[in-house]
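What follows is a set of notes on a single structure, which appears directly below.
The values are calculated or read from the model by the stated rules, or taken from the named source; none is laboratory data. These numbers were taken from a predicted model, which means no experiment stands behind them. Note that each Cβ is placed from the backbone with ideal geometry, even for glycine, and that neighbours are counted across all protein chains shown.
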Amino acid sequence: SRNRHCRLHSLTVKVRDLGLGFESEEIVRFSYCIGSCESARTNYDLTLQNLVQLEVLMRDKHLSSNPCCRPVRYEVVSFMDARNAWHTVDNLSAAECRCVG
Amino acid sequence: SRNRHCRLHSLTVKVRDLGLGFESEEIVRFSYCIGSCESARTNYDLTLQNLVQLEVLMRDKHLSSNPCCRPVRYEVVSFMDARNAWHTVDNLSAAECRCVG
Amino acid sequence: RKEYHENVYIDQPVGLPLLRIHALKDSEEEEVHFGLCPDLVIQRDGIHKNLWFQIQENTGLLFFNRSLEKDLHKMLLGGSWATMSKLVFPVLLSSQPFQGKECQSAHSYNLQHVPHAKVTLSVINATMPSCHSTALGQMCFTDMDLSFQIKENKPPGTFHQLQLFPQQQPCQNISISYKVIADESLPFHYDQNTTTIRVTRSLDRETREKYELLAKCTVRDASKETSKEVPLLVTVLDEDDTPPFLPNGTNTADAVVEFCRKEGTVLATLMVYDADTTPIFPLENSRKKYTGTISTSDAWVKETFRVEHIFNEIYFNPNGSQVRGTQHEYKLVLNKVISITESRSFQLDVIVNDTEYQGPDKSLMLHFNISILPVSIQFPNITYQFTVNRNAANFSQIGKICINNCMRFCGINIMYSLQAPNVSCYAVNIVQSHEDKDGSLYVNDSAVLRKPECKEIQYPVLAVEKQSKKEAHSYLTVILDGKLIRNDEGCLDSCARSKTRSECEECGGLGVLTGRCQWRKGSGTGITPNYSTCSPSIRTCPDGKCDTVESKDPRICPQDCTNTNIIGGHERGLTGIKAGNGICYCFPEENCYCEKDDIKEPLCDDM
Amino acid sequence: QPNSCITAESLCLADPVCNATYRILENCSRSYTKNSFIILDHEARNKCLQAETLMRNSHFQECKCQRRTQKQEEQCLRVYWTVHSTVSEGDFNLEMSPYKNVASEESLKTNYNKLATQVSGSHLAGDSTNLCLQVAQICSLNRRCGRLRTMYVSNCSPKDGHACNQNKCHRELKHFFGKVELDFTMRFLFCPCQDEFCGERRRKTIVPDCSFQNSTKPNCLLLLDTCLKDYVCKSRLADFQEQCKPSSTSSYGCSQHNHAACLEAYMGMIGTPMTPNYISNSTADVTLWCSCENSGNHKEDCDEILSSFSNNRCLRSAMQSQMGLNQVNTKDLKKLQFIPSPN
């Protein structure tokens, strides 16, 4: 459990694999946020966890008992598609991660 | 799944069931955030989802692919414990929810 | 009596006395003059000309001279039929005949400085109670309680008349007789004929300040007889008529200044008593009453010492009764730090003065025999030797360095330092403790500990007293031993991060003595000071104190030093976690958590 | 119905003559509060007296102030005492309360009972013999009561090792007892106890370490002096003296025959410099945090202040009747069916 705190990771992917429907042979750098937000939890999170353990509250995928590791700033990504047209996509790649919420 | 958007719910719990170690017969109002944040997703989230489906990225409990439904404001809660001592716990009960991150 | 209450009925006959104001004299030859002011206050209606009441200047009899019927509307607020309203006015007292100007300064707002009695008349919008409607018992006394105040050291005089005025008791064909039940020896006399009560001699509060008598009234009508007893209380008012005195004759105390030399140190205390009371209210007057001044012309003495004075009420028991008096405490206090080289003995005198007492011996002298001893800066004649494990981490605490009596110092600041060692192995350093008394030795370069050539290191140790620059020297030998152990890469820098025993004991962290963190198994349930936690050294962390080594880096012992958020059931100390629920662990400089031992994986959404 | 002193003031200010006289009175009242009255020369003092008599017979006749109106209350009380400054300064008996008389007791039975049934029947009730615990639970169920209770407790508790701030604590306590319905606060503060454990909870209700106690006990004359210099405290004290005036003749114990009014006036003192509290966990007697030590010749005046709380027949009978009331209500609640807790 050491040093897996929420931080920025990145990899290079084909534009096609972004799954946004663009047809392009280009590759882009995609950065994303992953890691534990344990150290950002509050009394609320501890209580939520205890209530679920006591089954006072039901476990639910829309119930998060600690802050989530999410981008707080994005980078714009530009590329030319197969018909040599330029595209710029906002909010695609994370620029900075933090435990939010 | 219509009205399952991220919002505030509350219930009355015994202080003892909060699981924070306080011995008290008092009850407190505990409010928490639950609900879907689908409507707040960005290109980043769609891309992340696709990369996981393509197994370019591994599924991981510390990887959240949409904003999470979290408190953005908390309420203080005070109670008297079994030795008649007063306690005030910060950031215990949610006061307002939002899709964050 | 300070206050008089009486009822006045709308149909009450005029021209008769309503009540009698009594007063006592301050001296035999003094005359007594009673006076009324032209205005009075009508409750809810404010100030009005006094058209209804007059007072006999020398007897204090208050007459009701004009019927209220015509002025009812003034009384009862423009016809709003309140059943009752109140008239309030002062009866002034003077030893000179009244010229009328006394009323200017004495209007009802500000009477603290004018001798007076406050009269409150309740105007009752109903006919006077007839004979049969009044219970026999109510014909004896009005509902005013019989409590009186008599100044001590004053001449005798009459202070009350038990018998009510005719219109105050409506029944004619009944007989009312009064008696005062009191011990013969008491200084009061009751005159059966006039039903007046006299104080027969000058009273001395310092002998007795309260008298409880009993007024008995017997009412007989044709068919029956009833009697009623009411307590009659006399309180004796104090005058400053006794000088200060020493409780057991001691006016001298010894004051030794040695190890504690800082400003504010209390060196000695002497008591002075006064049989008089000392009112604390209003504050400014009480402080001025008793003074305590150092009597010296030596500037150094004036600068170096001060006297602090507090007083509280005590009780004296002259022949069995309990009387309030005052105990004055005079503390001799250091007004500034005294150098360790200062050494002298002398007597310091303090003059205590009772400023309000007019008689002889109003002040007395207190003597403090002061001896200021020098303090030597020396190490005990031993050389310091400590063994350190080669796996020790930075900030691990090795031991303490302390010159003679160092733990008894206050106001004496010692700076400890290590000089260059005999071999170039600079592994250890020293830091002052919080009050600069002793020095804490700690590892400040753990890499040096792993060098085989560094086995036994000798440091010259220097101690310097900050103010006088006096020095002391000694030697410290550090012996390194222990087999080196490898640290797992994944280990982090702070023991406090670990949440379980296994995680804790497989890693090191800042401050560890033997290369491994130590798990402190908690005991007790709920929020307890004895919480489970992972520590670099259980002897010093957590111990509720963030010492000077621990405060060098937040990762060493956040359990004692953290000021960040503590999440979960806890109790915060001045710094750090005083008590916690289950296991307490920290992300230094972020948050600390206290959670129950059976921590499951946190819930996570989506995915 | 006596009018409000605020409306009286605005009517007066609209009338030039009244306006001028009222301004004179404002200066007079300012000098009384700083008791520099002695500096006022004879001429100025007479002007004040006439101004006040004029005022009392004009718009301000019998004007009063509304209880529990927070911001407005202070402004109204300032007007009231401006027009009533001849009540002799520094005197303990303030004669008349500036507040309009209290609503009748019937209006008290609002939504308290509804919540009480939820607590007493549900799994949340826990130790139901401790009535002070139960009223605390009922308060937590009511959103306003629970929130305002947390507000005063958190402001009356020490934060991170530093001592509490008594002014903030007093402000929040006044807020709680001024805002939450009497229905709750009466039962919350005057809950009956059979044992010292319940008695300790009752004693600690107003967080006395911060709101009541201080390191040393001042003389009660000093406490009164501080109170009389503060409009709200002076008014609450006048109200308490009027509503809780003991009567030796009536079996009711009070000359005003309105126990609820006395208890409301007592609660009005909480959060002022003369905040009263229960003496210990084994009695329902209350007192002030002051002593009559070092009173000198003013011992009797001091005793009068202290005993108006610690030995007041009317206050004691009002508290006993309220506690008796609470006792009865919770017994018959048991029979009612449990209703699930709100969501």
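Descriptive notes on the structure:
- Residues of the range C:225-256 classified as of a type outside the set (Gly, Ala, Ser) and without any contact (Cβ under 8 Å) to a residue 12 or more places away in the chain, total: 2
- Within the range C:587-603, considering residues that are at negative phi and more than 9 Å from every other protein chain (Cβ to nearest Cβ), the one modelled with the highest pLDDT: C:CYS592
- Positions within the range D:138-153 being under 21 Å from the mean Cα position of the chain (by Cα) and within 7 Å of chain B (Cβ to nearest Cβ), in sequence order: D:GLY146, D:ARG149, D:THR150, D:VAL153
- Applying the criterion of at least 1 residues that are away from chain D (no Cβ under 11 Å) and of a type outside the set (A, V, I, L, M) to the strands (runs of 3 or more DSSP E) found wholly in the range C:1-56 leaves C:3-9, C:16-20, C:33-36, C:53-55.
- Flag if D:GLY199 is over 22 Å from D:ALA284 (Cβ atoms) and assigned to a helix (DSSP H, G or I): no
- Among the residues of the range B:62-101, those that are without any contact (Cβ under 8 Å) to a residue 24 or more places away in the chain, touching a Ser or Thr at 6+ places or on another chain (Cβ under 9 Å) and not polar (S, T, N, Q) comprise B:HIS62, B:TYR74, B:VAL76, B:TRP86, B:ASP90.
- Hits in the range C:559-586 (condition: away from every other protein chain (no Cβ under 12 Å) and in contact (Cβ under 8 Å) with a residue 60 or more places away in the chain): C:GLN559
- Residues satisfying the stated conditions in the range B:58-77, i.e. in contact with a His (Cβ under 9 Å, 6 or more places away or on another chain) and more than 30 Å from D:CYS145 (Cβ to Cβ): B:CYS68
- Inspection of the range B:36-44 finds no residue satisfying the criterion of being buried (at least 20 other Cβ atoms within 10 Å of the Cβ), of a type outside the set (Ser, Thr, Tyr) and free of Cβ contacts under 8 Å to residues at least 60 places away in the same chain.
- Single condition C:SER85 does not satisfy, out of (1) assigned to a strand (DSSP E or B); (2) touching an Asp or Glu at 6+ places or on another chain (Cβ under 9 Å); (3) within 30 Å of D:LEU25 (Cα to Cα); (4) at pLDDT 80 or above: (4)
- Meets criteria (in contact with a helix residue (DSSP H, G or I) (Cβ under 9 Å, 6 or more places away or on another chain) and closer than 28 Å to A:ARG98 by Cα) for C:CYS534: yes
- Within the range D:246-301, restricting attention to residues that are of a type in the set (Phe, Trp, Tyr) and surrounded by 18 or more Cβ atoms within 10 Å (Cβ to Cβ), the residue that is farthest from the other protein chains (Cβ to nearest Cβ) is D:TYR266.
- Taken over the range C:492-502, the criterion of being of a type outside the set (Ser, Thr, Tyr) and touching a Lys or Arg at 6+ places or on another chain (Cβ under 7 Å) is satisfied by C:LEU492, C:ASP493.
- Across the range C:422-435, not a single residue is classified as in contact with a Lys or Arg (Cβ under 6 Å, 6 or more places away or on another chain) and either over 16 Å from C:ALA472 (Cα atoms) or touching a residue at least 12 places away in the same chain (Cβ under 8 Å) (or both).
- Of the strands (runs of 3 or more DSSP E) entirely within the range C:316-385, none holds at least 3 residues that are at pLDDT 95 or above, acidic (Asp, Glu) and in contact with a Phe, Trp or Tyr (Cβ under 6 Å, 6 or more places away or on another chain).
- Residue count for the range C:387-420 under the criterion of being of a type in the set (Lys, Arg), surrounded by 21 or more Cβ atoms within 10 Å (Cβ to Cβ) and under 28 Å from C:GLY264 (Cβ atoms): the result is 0.
- Cross-chain or 6+ apart pairs with Cβ under 8 Å, the range D:212-229 first and more than 10 Å from every other protein chain (Cβ to nearest Cβ), then β-branched (Val, Ile, Thr) and surrounded by 14 or more Cβ atoms within 10 Å (Cβ to Cβ): D:PHE212/D:ILE206; D:PHE212/D:THR275; D:CYS227/D:THR272; D:LYS229/D:THR33
- Matching residues in the range C:461-483 - criterion: being exposed (fewer than 15 other Cβ atoms within 10 Å of the Cβ) and under 22 Å from C:ILE382 (Cα atoms): C:GLU471, C:HIS473, C:ILE479
- Subset of the range C:275-294 that is in contact with a Lys or Arg (Cβ under 7 Å, 6 or more places away or on another chain) and surrounded by 21 or more Cβ atoms within 10 Å (Cβ to Cβ) - its residue that is nearest to the other protein chains (Cβ to nearest Cβ): C:THR277
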